[in-house]
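Visitor: Take a look at this one; I'll ask things after.
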Amino acid sequence: MSEPILDRIDRKILDQLMRDTTLPVAQLADRVGLSQTPCWKRVQKLEAAGIITGRVALVDPKKIGLGLIVFVEIEATEHTPAWRNTFQKVVKGMDAITEAYRMTGTVDYLLKVIVPDTAAFDDFYLQLTEALPCRNVTSKFAMETIRRSTVLPIDVNKI
């Protein structure tokens, strides 16, 4: 699949929207050097192309009672389509999993799990391991969030 061609203005629009999706079109247009209508048409084009996949509110997990972040490493019992399908179904059905990645190296999958506390994580762990046979599950508790960002490092100066 080829990479979509984005010009400098498209990248500036994306950069601004990743930082604040609530910007009125007039402010967005001003920041990227366009008038409102062409700017809005570009935003719609980026959405239609699947480059902008949604608009959300970012929430501080601690302020809503989700104070524990755990990174869970999983080693699969087997590398079959059936196991992968089960894994995907289980992961998609557990709201505490906020991110999931298939990895290279000694760990097959890495999950980011956000829960209120260790008791909630224990419940999560028991539910996960009951639903999914794993060779090994290793949990690493985050002690402090140093940086959290959803802004991708897009080069706004690239021609």
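The values are calculated or read from the model by the stated rules, or taken from the named source; none is laboratory data. As the structure is a prediction and not an experimental result, all values here were calculated from the model. Glycine gets a Cβ as well: all are built from the backbone with ideal geometry, and neighbour counts include every protein chain shown.
Visitor: Just the residues that are surrounded by 14 or more Cβ atoms within 10 Å (Cβ to Cβ) and either of a type in the set (Gly, Ala, Ser) or in contact with a helix residue (DSSP H, G or I) (Cβ under 8 Å, 6 or more places away or on another chain) (or both), please, taken from the range 52-66.
Guide: Residue satisfying the conditions is ILE52 alone.
Visitor: Considering only residues of the range 95-118 that are more than 15 Å from the chain's Cα centre (by Cα) and part of a loop (DSSP other than H, G, I, E, B), which is surrounded by the most Cβ atoms within 10 Å (Cβ to Cβ)?
Guide: ASP108
Visitor: Which numbered condition in (1) over 20 Å from LEU132 (Cα atoms); (2) outside any helix (DSSP H, G or I); (3) not charged (D, E, K, R) is the only one that ILE74 fails?
Guide: Single failed check for ILE74: (1).
Visitor: Looking at this structure, is THR77 among the polar types (S, T, N, Q) and surrounded by 11 or more Cβ atoms within 10 Å (Cβ to Cβ)?
Guide: Yes.
Visitor: Next question. One residue is enough: does the range 41-50 have a residue meeting the conditions of a type in the set (S, T, N, Q) and modelled with pLDDT under 95?
Guide: no
Visitor: Okay, moving on. Please find, among LEU66, LEU34, LEU6, the residue that is closer than 30 Å to VAL137 by Cα, out of contact with any Ser or Thr (no Cβ under 9 Å at 6 or more places or on another chain) and in a loop (DSSP other than H, G, I, E, B).
Guide: From the options LEU66, LEU34, LEU6, the qualifying one is LEU66.
Visitor: Okay, moving on. Suppose we filter LYS89, LYS140 for residues that are part of a strand (DSSP E or B) and of a type in the set (D, E, K, R); which single one remains?
Guide: None of the others qualify; the one that does is LYS140.
Visitor: Within the group PRO153, PRO116, which residue is touching a strand residue (DSSP E or B) at 6+ places or on another chain (Cβ under 9 Å) and either closer than 27 Å to ASP15 by Cα or without any contact (Cβ under 8 Å) to a residue 60 or more places away in the chain (or both)?
Guide: Unique residue meeting the criteria: PRO116.
Visitor: Read through the list (1) at positive phi; (2) not in a loop (DSSP other than H, G, I, E, B), then give the number of the only condition that GLY50 fails.
Guide: For GLY50, the exception is condition (2).
Visitor: Something else: Just to check your reading of the model, which residue among GLY54, GLY93, GLY67 is more than 21 Å from TYR125 (Cα to Cα) and not β-branched (Val, Ile, Thr)?
Guide: Sole residue among the options that is more than 21 Å from TYR125 (Cα to Cα) and not β-branched (Val, Ile, Thr): GLY54.
Visitor: Does any residue of the range 22-41 turn out to be exposed (fewer than 12 other Cβ atoms within 10 Å of the Cβ), outside the structural domain of TYR125 (by TED's automatic domain parsing), within 30 Å of ASP122 (Cα to Cα) and not small (Gly, Ala, Ser)?
Guide: No, that holds for no residue.
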